[in-house]
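Engineer: I'd like to ask you about the structure that follows.
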Amino acid sequence: MPIDLNEHRRKQQSNAPKQTPQNNDNRNSGNSNNGRNNRGGFGVDSMPMPSMPSGKFLILIILAVILVINFVVARPFVIINSGEVGIKVNLGKYDDVPLTPGLHFFIPIIQQVIVVDTRMRVLHFSRNEDMGSVGRDDQSVLRNDAISVMDSRGLPVSIELTVQYRLDPSKVPETIKNYRLSWEQKIINPVIRDVVRSVVGNYPAEDLPNKRDEIAGLITSSFEAKLRSTPNQPVIFDSIQLREIVLPPMVKERIEQVQAAKQEADRAKQEANALRERAQGRADAAIIEAKGQAQANKLLSESLSQRLLELRQIDVQGKFNEALKENKDAQIFLTPGGSVPNIWVDSKSKQRTTISNNH
C-alpha cells in the first residue's frame, strides 16, 4: 500500500531524542561556522543590525529636510548691493522706509522686495548710427533717438545731447509707487524733449552753431528748473552735455558759403591794413626826413653870422682874382643885394658863367 511521507516524518520526529539548548547552540554554532566556512568566513547572521530611529525623531528629520528645500526654492531673503535700495511690499502696500544695502528677509507670498538702481544714469539722445549698441550691456547707460526740433522759421533741426541724473535713494518708495519702474519715460524723457524744443525754437538755424554755449546753458537751467518743480523731487540732476546740432543740408551749405565769404573779407581787410601801414610808414618817413631837413636848414641859417659872410666873401673874391689872371677880358657883375661879385662873363667866348654865393 502507498506510504504517506508526511506521516512517516512525523513518526520519525516523535521517536527522535530531544536535544538540550546547549546542543542546539552548538548545532547553531556549527551551522554558523559551516555557513561562514561556506561563505568564505563572513556570515549574515553574525553582522550586527543597526537600530532603527524612533518614529518621533524620523518625523523631525523629514520636517527639517522639507524646510530646507522650501527655503532654497522660495528664497525668502534678498541681498541689496551698494548703489541700490529695496522696497518691501506687504500685500501690495509699499513700505515708506527703503531697504539699505545688505541682507534682508521677507515672508514669501505675503511680502516681496523690489530692488531699484540708484546709481548715476546716463541717457544719450543721438542718431542710431552714432551710438550703435550702447546701453545693451550696462543698464545704467540708455539711448534714445535724437531730439527733432523746429527752428524759428520752421526748419527741421536735430539735437544730440547726454543727460546724467540719478534717483534720490530716500524717495525711491514714493517714486516707484507713483511712476512705477518706468519712471524715466515719465519724468526724464518728455521733460528734456519739451525743454529742448522750447529753447531751440527761438533761434534761426543759421545762428545755432555760433550760439551753442548760450543754448546749452538755457537747456540746462530750464531742465533743472523743471525737475525741481516735479512733485516730491524724485530725481537728482547732474549735468547735460550738448554734443551736436545737426542742421538741414541747405542751411549747412549756406553757412559754409557765408563763412567762406567772411574769411575772404577778413583776408582782404588784412591786406588793406598791411598796405595802409606800409603807406603810413613811407609818409611818416618823408615827414621825418622833411622835418630833419628843415631843422638842418634852420640850424644852418642860425649859424650864418656876419663874420662868416665876410669870410665867404673873401674866399669868393680870391677865386675871382685867380680867374682874372688867366682871362683879363672877363667881366664881373654884382647881383642886387650882394656885396660879393657872383656873375662871371667871358667876353671872348661870349659865354656867361654864373657862380652862386649862398648867403
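The values are calculated or read from the model by the stated rules, or taken from the named source; none is laboratory data. Everything numeric in this text was worked out from a predicted model, so none of it was measured. We place every Cβ from the backbone using ideal geometry, glycine too, and count neighbours over all the protein chains shown. Heads up: the accessible areas ignore ligands, DNA and RNA and are worked out on the full protein's heavy atoms, side chains in. Shrake-Rupley method; radii C 1.70, N 1.55, O 1.52, S 1.80 Å.
Engineer: Please compute the modelled spin-label separation between R278 and K93, points set 7 Å along Cα→Cβ, answer in nm with one decimal.
Structural biologist: Rounded to a tenth, the inter-label distance reads 9.3 nm.
Engineer: Next question, about the same structure. What distance in nm lies between label points placed 7 Å from Cα along the C-beta direction at K252 and S229?
Structural biologist: It works out to 3.5 nm between the two label points.
Engineer: Right, here's the next one. In the full protein assembly as shown, how much of S158 is accessible to a 1.4 Å probe, in Å² to the nearest 10?
Structural biologist: 30 Å²
Engineer: Give me, ordered by chain and number, the residues 5 or more places off Y203 or on other chains with an amide H under 5 Å from its own placed amide H.
Structural biologist: S152
Engineer: Now, a different point. Run the 1.4 Å probe and let me know the accessible area of F57, rounded to the nearest 10 Å².
Structural biologist: 110 Å²
Engineer: Multiplying the sequence separation of M150 and K56 by 0.36 nm and subtracting their Cα-Cα distance, what value in nm do you get?
Structural biologist: On the way: separation 94, 0.36 × 94 = 33.84 nm, distance 8.12 nm.
Full-extension gain reported as 25.7 nm.
Engineer: Which order do peptides 168-174, 229-235, 253-259, 86-92 fall in by mean Cβ count within 10 Å, highest first?
Structural biologist: On the way: 168-174: 17.1, 229-235: 13.7, 253-259: 12.0, 86-92: 15.3.
Sorting 168-174, 229-235, 253-259, 86-92 by mean packing, highest first, produces 168-174, 86-92, 229-235, 253-259.
Engineer: How large is Rg/Rh for the stretch 252-300, to two decimals, with Cα atoms and a Kirkwood Rh?
Structural biologist: Values: Rg = 21.0 Å, Rh = 13.8 Å.
Value, to two decimals: 1.52.
Engineer: Need one number: nm distance between label points at A286 and T100, each 7 Å from Cα along Cα→Cβ, rounded to one decimal.
Structural biologist: Each label point lies 7 Å from its Cα, and together they span 8.9 nm.
Engineer: Could you give the Stokes-Einstein D for the stretch 120-247 in µm² per second, using the C-alpha Kirkwood radius, 37 °C, 0.692 mPa s? Spell out each step's value before the answer.
Structural biologist: Working: Rh = 15.3 Å.
Answer, rounded: 214 µm²/s.
Engineer: Using protein chains only and a probe of 1.4 angstrom, how many square angstrom of E271 are accessible, to the nearest 10?
Structural biologist: Looks like 120 Å² after rounding.
Engineer: I would also like to ask the following. Taking +1 at the Cβ of each Lys and Arg and -1 at the Cβ of each Asp and Glu, which of A260, N273, Q233 sits farthest along the dipole of the stretch 229-276 towards its positive end, judged by Cα position relative to the Cα centre?
Structural biologist: N273
Engineer: Report the calculated FRET efficiency for Q112 and S221 (r = Cβ-Cβ distance, R0 = 56 Å), to the nearest 0.05.
Structural biologist: Between Q112 and S221 the formula returns 0.85.
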